[in-house]
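These notes are about the structure you will find just below.
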Amino acid sequence: MSTIHVRTTVNGEPTEFLCEPAETLLDALRNRLGLTGTKEGCGTGDCGSCSVLLEGRLVPSCLVLAAEAIDREVLTVEGVAVGDALHPVQQAFLEQAALQCGICTPGLVVAAKSLLDRNTNPTEQEVRFWLAGNLCRCTGYDKIVRAVMDAAEVMRNETSEVRA
Amino acid sequence: MSAERTFEYIGTRPIRHDGLDKVTGRANYGADFTLPGMLHGHVLRSPHAHARIVSIDTSAAEATPGVKAVITGKDIPKTNAKLSLGEAAMELGPMGDNALAHDKALYEGHAVAAVAATSPEIAREAAEKIVVVYEVLKPVMTVDQALAPGATILHDDLVTKGKPLADAPKHTNVALRMELKRGDLEAGFAAADLIVERTFTTPMVHQGYIEPHACVARYGEDGQVLVWTTTQGHFIVRDASAGILGIDAAKVKVVPSEIGGGFGGKIPVYLEPLAIVLSRKAHRPVKMVMSRDDVFRASGPTSGTKVRMKIGAKKDGTLVAASASLYYEAGAYPGSPAGAGAMCVIAPYTIPNFMIEAYDIVVNRPKVAAYRAPGSPAAMFATESVIDEIAQKLGMDPIDLRLKNAAQEGDSAPYGPKYGPIGLKQVLEATKAHPHWKAPLGPNQGRGVACGFWFNAGLNSTATVSLSADGSATVVTGNPDIGGTRVAQAMMVSEELGIPVERVRPTVADTDSIGYNDLTGGSRVCYATGMAVIKAAQDARDQLCARAAKIWDVDPSCVAWERGRAIPLNGASDKEPLTVSALAAKMTATGGPIVGRGAVSAPMAGPGFATNICDIEVDKETGVSRVVRYTAIQDVGKAVHPSYVEGQMQGGAVQGIGWALNEEYIYDEAGHLENAGFLDYRMPVASDLPMIDTVLIEVANPLHPYGVRGVGEVPIVPPLAAVANAMAGATGVRFTDLPLSPPRVLKALSGA
Ligand code: FES
Ligand code: FES
């Protein structure tokens, strides 16, 4: 089988690479583009540590083919911060100590960002259900949920400041 | 002393230094390393739970284009070497045989060969071409099967260590039997008004770290070896790999990556010796990464257990006698935490008469590894369930019953030594006073409480603290940071030298760049490595004082250190205090670089006690249960960074909830694991849980300058019984077998 030429956009940068037809987006990001922030915890769609946004949709990149990224936009954890400005979720994770080992953190940051892109006023239950696809074995989720709620508040205040 | 000391930095909550890299995806974990020319390794694993390896033909794999090396058990020397780890010793022979089987495959997933090739796909396809002829043997899957008369024997040369029973058979699967006793058991039970006796079981469960094992090894033609790996102890990886392969440890350098969880499971070596040997054969670096399936089948679980527990009490709640028999699955090689379980099982209570026996039993399951307070959760599940039942039958408040019998300073622990200052009573009082304990319950809800105990380890640690000319500092240690220990170490340097936390850079160094450190485990890093850090900082402080004396041209006895400054004492009182920055700026002129060193062999760390209160709600039509409120209370000695202490308590509680409600290894009769993935091995997710409230009790540990106690392990001990006791409250059924999964609960409810 021949390799596939993928033209795509990753974290806002036009990007191209060659890949095998059966290669996952996760492997292409990690091994061809050096974007190792996206982690592999299972390879079967069950842990969420490989979460990325594809056209703004939260997906486990281990279940997406690299070729599916053709002509689409991919956002990985490396693209969540803008310059030295951390996303409110990233800042809240630091302040709330919402990570211990940190292996789940990239996936959770991407998943939480995608929730807050849609809803900056989620209930605790909405946060818990949105993040249910992201396993964390260290924290018991308490501080993660608090961090996402805090980030939501910061984002709400930012928008009201802009409006004011 | 320590109790009265007021702290400036200890007890605050600064942002961790390694945090930014972790929230932005820059931090490098085990699978994130690559080297030019690197090959990819793949392990061929046994499909059988128990089989003699008759022959292995690797020729087809070797002939595959892209394959650069193939190895089998023949390439890993058999050894009798041991590695000392504190009081204990790690047997390297079984560790090597577990990494790559020599004669027998002892569990499904046991490695039998490995391939290195130019791509992971080629390596995998080539491994499938290896022809292994097995003589399949009957698998031994449970402790009952292992102990049955005429049972299949896993290891022909196994003899029972410790105190075997007089009539024990010569060929056996029992690797160890130990006993602890005190007083007169018969008289004790004769004096009891109430005796409760039950048998409990807990399933084999996995630590469940999200990052699979991964490493890269490079073997140089000069015999120098470099290993990058995710581990809880890179010095153990160095010494174990060197010991197994018969190489000089000084030829091996191990660089630890960031580690994506371990909980005890990243202490043994699995991939590293194979990667080193493949690299030696192929003359190229080799990367090896486990799949999640490999992680479940061939790394770390903790023992499934059976515990018979009998406790006698007086009408007033005084516990007078206890007997317990603990049977722990070791997996394929000796080494379950049965002995630790025996030492923990009644540790919170002063029971004058007891007899405890523990058995370490080999079965055809993966070799168990440590898992957070190894041995204690299953043992205390039995004790704390029986205590709850005693309280219920005596009509006593379960916390009052525990308070009445709680161990305190000066009592002899069942395992020997006298307790120093311990916080069990304070923890129980705080539990009783907590609003959660008195809050009303809703329909179909029940509340349970339970205690937990863990020893906490000390062991060996080294640290250095170096000053820069601008007055900032670096602190270097050798313990992989799993949950925020680096920031805690920086805070200790700040406390001693008065340098702000963000001007102290904490680093975990490789095996060449710092003195020896025992593993990250046993809840010991903040305690023991912390002691080394404090010592190193104090050494640097003394040097700073000496420099001030030199600058002032006074005797060193005329200088003291206070809040980040050298201050003059009598005889030098005309001098202006000198700050760290001022002294550091003159460092080269006053005698050269300032490097403080600390090396400690820390004593056992002062036991930790905890309680948990659990509210559970049960749907009686489906058997599905939900934890609706949860509170963890723990004596933490002194919380250096309270957020990360709370995090340990919350994470441990949730792992324990998973163990109680859902998690288990499910095997078919032939010994095949049926749920080797996160879909079927169901760990708790965010939507399963409420917030986990925490209460930190601080009873200073006199062994540590700040009063620190280990905090990482005891949190997983109380949940098993707290959940089961809550379930008993909600349903009226006392459950003795975990997990309390919906089918099991439903069955018990329809039978009740
Ligand atoms: S690695 Fe993709 S979901 Fe686990
Ligand atoms: S912080 Fe370790 S898995 Fe989430």
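Peptide B:207-215 shows a mean partner chain C-beta count of 5 within 10 Å per residue C-beta.
By the rule of a C-alpha distance below 27 Å, with chain neighbours fewer than 8 residues away ignored, the lysines paired with B:Lys138 are B:Lys74, B:Lys78, B:Lys104, B:Lys129, B:Lys161, B:Lys170, B:Lys306, B:Lys367.
Surface burial for A against B, with a 1.4 Å probe and both sides summed, reaches about 3800 Å² of accessible area.
In plain terms, the chain from B:Thr474 to B:Lys74 could stretch by 139.5 nm, reckoned as 0.36 nm per residue minus the Cα-Cα distance.
Rolled with a 1.4 Å probe across the full set of protein chains, the surface gives A:Val145 an accessible area near 0 Å².
In segment A:4-79, one over the average inverse separation of all distinct C-alpha pairs is 11.9 Å, which is the Kirkwood hydrodynamic radius. For A:Asp84 and A:Val154, the difference between the fully extended length at 0.36 nm per residue and the C-alpha to C-alpha distance is 23.5 nm. At a probe radius of 1.4 angstrom, the accessible area of segment B:550-655 per residue rounds to 41 square angstrom. Counting protein heavy atoms only, the protein assembly as shown has 51 percent of its accessible area on carbon and sulfur, 1.4 angstrom probe.
Counting only the Cα atoms, segment A:88-163 fills a convex hull of 75 Å³ per residue. When a/c reaches 1.5 or more, the comparison of a/b and b/c decides; with that in mind, is chain B rounded, prolate or oblate per its Cα gyration tensor? Since a/c reaches 1.5 but b/c is at least a/b, the shape of chain B is classed as oblate. Once the chain from B:Asp167 to B:Leu749 is taken as fully extended at 0.36 nm per residue, the excess over their C-alpha distance is 205.4 nm.
Cross-link partners for B:Lys575 among the lysines, with Cα-Cα distance under 27 Å and sequence neighbours closer than 8 places in the same chain left out: B:Lys550, B:Lys586.
Candidate cross-link partners of A:Lys113 among the lysines, defined by an alpha-carbon separation under 25 Å and a same-chain spacing of 8 or more, comprise A:Lys39, A:Lys143, B:Lys22. Taking every pair of alpha-carbon atoms in segment B:511-559, what share in percent sits in each 10 Å bin, from 0 to the bin with the longest distance? Percent of pairs per bin, in order: 23, 32, 22, 19, 4. Of all stretches in chain B that contain no GluC sites (Glu not before Pro) in a DSSP loop with at most 14 other Cβ atoms within 10 Å, the longest one is B:410-620. For segment B:605-740, the Cα gyration tensor yields ellipsoid semi-axes of 31, 18, 13 Å (square root of five times each eigenvalue, largest first, whole Å).
Once you reduce segment B:439-471 and segment B:114-167 to the center of their Cα atoms, the two points are 37 Å from each other. Entry note, chain B: the mean residue ellipticity at 222 nm calculated from DSSP H runs of n ≥ 4, each adding -39500 (n - 2.57), is -8000 deg cm²/dmol after division by the residues and rounding to the nearest 500.
How many percent of Cα pairs in segment B:151-203 exceed 14 Å? Looking at segment B:151-203, the distances longer than 14 Å represent 69 percent of pairs.
Once the chymotrypsin sites (Phe, Trp or Tyr not before Pro) in DSSP loops with at most 15 neighbouring Cβ atoms within 10 Å are cut out of chain B, the longest remaining piece is B:8-515.
Size check on chain A: the Cα extents along the three principal axes, sorted descending, read 53, 38, 25 Å. Every Cα-Cα pair of segment B:649-689 was included, and the share exceeding 11 Å stands at 67 percent. As a calculated quantity, the FRET efficiency between B:Lys438 and B:Ile666 at R0 = 45 Å, using C-beta atoms, amounts to about 0.70. In this structure, B:His102 and B:Ser601 have a Cβ-Cβ separation that, at R0 = 22 Å, corresponds to a calculated FRET efficiency of about 0.05. Provide the percentage of antiparallel DSSP beta bridges, counting only those with both residues in the protein assembly as shown; round to the nearest 5. Antiparallel bridges: around 75 percent, rounded to the nearest 5. Across all Cα atoms of the protein assembly as shown, the radius of gyration (one decimal) and Dmax (whole number) stand at 28.0, 87 Å.
The values are calculated or read from the model by the stated rules, or taken from the named source; none is laboratory data. Just so it is clear, the structure is predicted and the values come from calculations on it, not from any experiment. Using ideal geometry, Cβ is built from the backbone for each residue, glycine included, and neighbour counts are taken over all protein chains shown. With ligands, DNA and RNA removed, areas are computed over all heavy atoms of the protein, side chains included. Shrake-Rupley method; radii C 1.70, N 1.55, O 1.52, S 1.80 Å.
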